[in-house]
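Below is one structure, written out as structure tokens; the observations come after it.
The values are calculated or read from the model by the stated rules, or taken from the named source; none is laboratory data. On a predicted model such as this, the values are computed, not experimentally measured, just so you know. Reconstructed Cβ throughout: ideal geometry from the backbone, glycine too, with neighbour counts over all protein chains shown.
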Amino acid sequence: MVRLENISNVSIITIERDKVNALDLGTISDLHQTFLKAEEDTNSSSIIIQGSGSFFSFGLDIPSLLESNREEVKNVVNLLLKLCKDIYLSDKITISSLNGHATGAGCMIAISTDYRFMTKERAKIALNEINIGLSLFPSTVNILKSIVGDNNAKKFLLGGEMTDSKSALHIGLIDRIYDKEDLYKSTLNFAKTFTNKSKRAISLMKKDLRLNQILYLDNDDSIEAFLDIFYSSETQKILKAIEIRK
């Protein structure tokens, strides 16, 4: 479900699950372990995360969650937040190569990386949980605010709109846009620019850049609050109407 390769000292992680790369517990676990393996690779200076096909990631596999009990859903949420935290705190340069839609948990992963490059064609990005009756997590909101600012974050979250690459670039949510056929090569070439830079210096500089970020706000109360909303009758009705292309 998740593939890891190394090209010119750049670790490339590819999510490969069905047509939309929806994230269930197994995929998140596999992605997390793969990321940790890439993080520990002393020959790698940067890490690229991308999706297969025409999606980066649809987000959580809602139908599979609906078949799970509360404790199982909580395990999925905790692992997703741990994955995003480890990406955000990585000592290496991390880049999301958004080859297609990145919504919900897919967007959470994308904003956890240092850079986001996106294709121009038929790709949108969103934290659109509000449209399906769900809330978000303090760390996710905090990271988003650090990227786009308070006002843009408010509009992005409360509006829940699917944002195209041009609009996302305008508010600083993504860093560069490319034609679809150029995205992979351009992202890889950018990642290679860090190969000869000091890994120690990159790690320390990233740590300094994070000093004012309050990341550790995802306590058990905030997760339980999310689960309460998830299991509310109103939200369950909306979620049960969601279909994922296999």
Could you grab the pairs with beta carbons closer than 7 Å, sequence gap of 6+ or different chains, first residue in the range 122-142 and within 15 Å of residue 109 (Cα to Cα), second one of a type in the set (D, E, K, R) and outside any helix (DSSP H, G or I)? 124/164; 126/161; 137/218; 138/218; 139/218
Taking residue 147 as meeting all but one of (1) surrounded by fewer than 20 Cβ atoms within 10 Å (Cβ to Cβ); (2) in contact with a strand residue (DSSP E or B) (Cβ under 6 Å, 6 or more places away or on another chain); (3) of a type in the set (A, V, I, L, M), write down the number of the exception. (2)
Among the numbered criteria (1) at pLDDT 95 or above; (2) under 21 Å from residue 206 (Cβ atoms), which one does residue 44 miss? (1)
Test residue 177 against the stated conditions and say whether it is over 21 Å from the mean Cα position of the chain (by Cα) and of a type in the set (A, V, I, L, M, F, W, C). no
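To keep it simple, each residue is scored yes or no on (1) touching a Cys at 6+ places or on another chain (Cβ under 7 Å); (2) under 14 Å from residue 95 (Cα atoms); (3) crowded, with 22+ Cβ neighbours inside 10 Å.
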site: 8; (1), (2), (3): no, no, no
site: 23; (1), (2), (3): no, no, yes
site: 31; (1), (2), (3): no, no, yes
site: 38; (1), (2), (3): no, yes, yes
site: 47; (1), (2), (3): no, yes, yes
site: 55; (1), (2), (3): no, no, yes
site: 72; (1), (2), (3): no, no, no
site: 75; (1), (2), (3): no, no, no
Out of the residues in the range 85-111 that are outside any helix (DSSP H, G or I) and of a type in the set (D, E, K, R), state the one that is farthest from residue 180 (Cα to Cα). 91
Does residue 218 satisfy the criteria of being assigned to a loop (DSSP other than H, G, I, E, B), of a type in the set (Asp, Glu), closer than 24 Å to residue 59 by Cα and out of contact with any Asp or Glu (no Cβ under 9 Å at 6 or more places or on another chain)? yes
Being in contact with a Cys (Cβ under 8 Å, 6 or more places away or on another chain), hydroxyl-bearing (Ser, Thr, Tyr) and either surrounded by 17 or more Cβ atoms within 10 Å (Cβ to Cβ) or at positive phi (or both) is true for just one of 140, 119, 163. Which residue is that? 140
With 128, 99 as the choices, which residue is buried (at least 24 other Cβ atoms within 10 Å of the Cβ) and either within 15 Å of residue 14 (Cβ to Cβ) or touching a Cys at 6+ places or on another chain (Cβ under 9 Å) (or both)? 99
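Residue by residue, here is whether (1) more than 19 Å from residue 99 (Cβ to Cβ); (2) touching a helix residue (DSSP H, G or I) at 6+ places or on another chain (Cβ under 7 Å) holds:
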{"site": "25", "(1), (2)": "yes, yes"}
{"site": "37", "(1), (2)": "yes, no"}
{"site": "51", "(1), (2)": "no, no"}
{"site": "57", "(1), (2)": "no, yes"}
{"site": "65", "(1), (2)": "yes, yes"}
{"site": "70", "(1), (2)": "yes, yes"}
Residues located in the range 118-150, provided they are hydroxyl-bearing (Ser, Thr, Tyr) and either outside any helix (DSSP H, G or I) or touching a Ser or Thr at 6+ places or on another chain (Cβ under 6 Å) (or both): 119, 135
Test residue 68 against the stated conditions and say whether it is in contact with a strand residue (DSSP E or B) (Cβ under 6 Å, 6 or more places away or on another chain) and either of a type in the set (Asp, Glu) or not in a strand (DSSP E or B) (or both). no
Flagged in the range 151-210 as assigned to a helix (DSSP H, G or I), more than 14 Å from residue 119 (Cβ to Cβ) and of a type in the set (A, V, I, L, M, F, W, C), in numbering order, are 153, 156, 157, 158, 188, 190, 191, 201, 202, 204, 205, 209
Residue list for the range 192-210, restricted to those being within 21 Å of residue 98 (Cβ to Cβ) and either touching a Phe, Trp or Tyr at 6+ places or on another chain (Cβ under 9 Å) or surrounded by fewer than 16 Cβ atoms within 10 Å (Cβ to Cβ) (or both): 192, 193
From 234, 224, 243, grab the single residue that is surrounded by fewer than 11 Cβ atoms within 10 Å (Cβ to Cβ) and either out of contact with any helix residue (DSSP H, G or I) (no Cβ under 9 Å at 6 or more places or on another chain) or assigned to a helix (DSSP H, G or I) (or both). 234
